[in-house]
1. Give 187, 200, 205 a once-over and let me know the one that is outside the structural domain of residue 140 (by TED's automatic domain parsing) and not in a helix (DSSP H, G or I).
2. Taking the residues in region 42-86 that are within 30 Å of residue 173 (Cβ to Cβ) and surrounded by fewer than 15 Cβ atoms within 10 Å (Cβ to Cβ) as candidates, determine which candidate is modelled with the lowest pLDDT.
3. Any residue in region 192-209 that is surrounded by 10 or more Cβ atoms within 10 Å (Cβ to Cβ), over 29 Å from residue 168 (Cβ atoms) and without any contact (Cβ under 8 Å) to a residue 12 or more places away in the chain?
4. Can you tell me which of 85, 109 is outside any strand (DSSP E or B), farther than 30 Å from residue 231 by Cβ and in the same structural domain as residue 189 (by TED's automatic domain parsing)?
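The values are calculated or read from the model by the stated rules, or taken from the named source; none is laboratory data. None of these values were measured; they are calculated from a predicted model. All Cβ positions, even for glycine, are placed from backbone atoms using ideal geometry, and neighbour counts span all protein chains on display.
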């Protein structure tokens, strides 16, 4: 990071090339600086082996760590995904696990989720703006895929023991195509991957009706029906 900081200081002070105007050079430098900022905007590297949040100090100092002499093996063990979560109308349930529920993950730059599918159950099209996901099929048969920025679909049926990766920020989906319950364990390379579900983000949000009517060719009644069905439940 020290070398980057030196570059950030020296670039604006250096003279523009002879074939570049001062204004164009200033614009170029700003683009470079912005790019560097975006590249470094991922989860930061840990400064110690681990950082179990301190219950006593977390309200005042969110980044404070428990004294290492008080850390035990139980801080690194989580038992909350032994059973499935509560199923939704889509036949899908999930238990997301982050540092807020499993303190041992704090500063490690990762999180995970247990997902269960009833026969025919689906995980609706969604994406994670801050993480790549690796999904491992523990049980069952899952039709799984993602869509890239050129609208190309990469999808296939996964069997028990198979793994699929969903690149960061790309739309993906899963559906149980077997006759028994299926289970997936998903892992993310971010402590806070984020989750945007397309149906509720589009039709369950406060986007103006006129925008959605024109974008999807829907009547007011059709749109009202979708919004009622997909409105957030809390």
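1. Just a single option satisfies the conditions, and that option is 205.
2. Within region 42-86, the subset within 30 Å of residue 173 (Cβ to Cβ) is 42-43, 78-86.
Restricting the remaining residues to those that are surrounded by fewer than 15 Cβ atoms within 10 Å (Cβ to Cβ) gives 42, 79-80, 82-83, 86.
On the way: 42: 60, 79: 97, 80: 96, 82: 95, 83: 95, 86: 93.
Here the residue is 42.
3. From region 192-209, those surrounded by 10 or more Cβ atoms within 10 Å (Cβ to Cβ) are 192-205, 207, 209; that's our starting set.
Those still in the list that are over 29 Å from residue 168 (Cβ atoms) too: 209.
With without any contact (Cβ under 8 Å) to a residue 12 or more places away in the chain added as a condition, the list becomes none.
Within region 192-209, not a single residue is surrounded by 10 or more Cβ atoms within 10 Å (Cβ to Cβ), over 29 Å from residue 168 (Cβ atoms) and without any contact (Cβ under 8 Å) to a residue 12 or more places away in the chain.
4. Values: 85 fails: farther than 30 Å from residue 231 by Cβ.
Going through 85, 109 in turn, just one is outside any strand (DSSP E or B), farther than 30 Å from residue 231 by Cβ and in the same structural domain as residue 189 (by TED's automatic domain parsing): 109.
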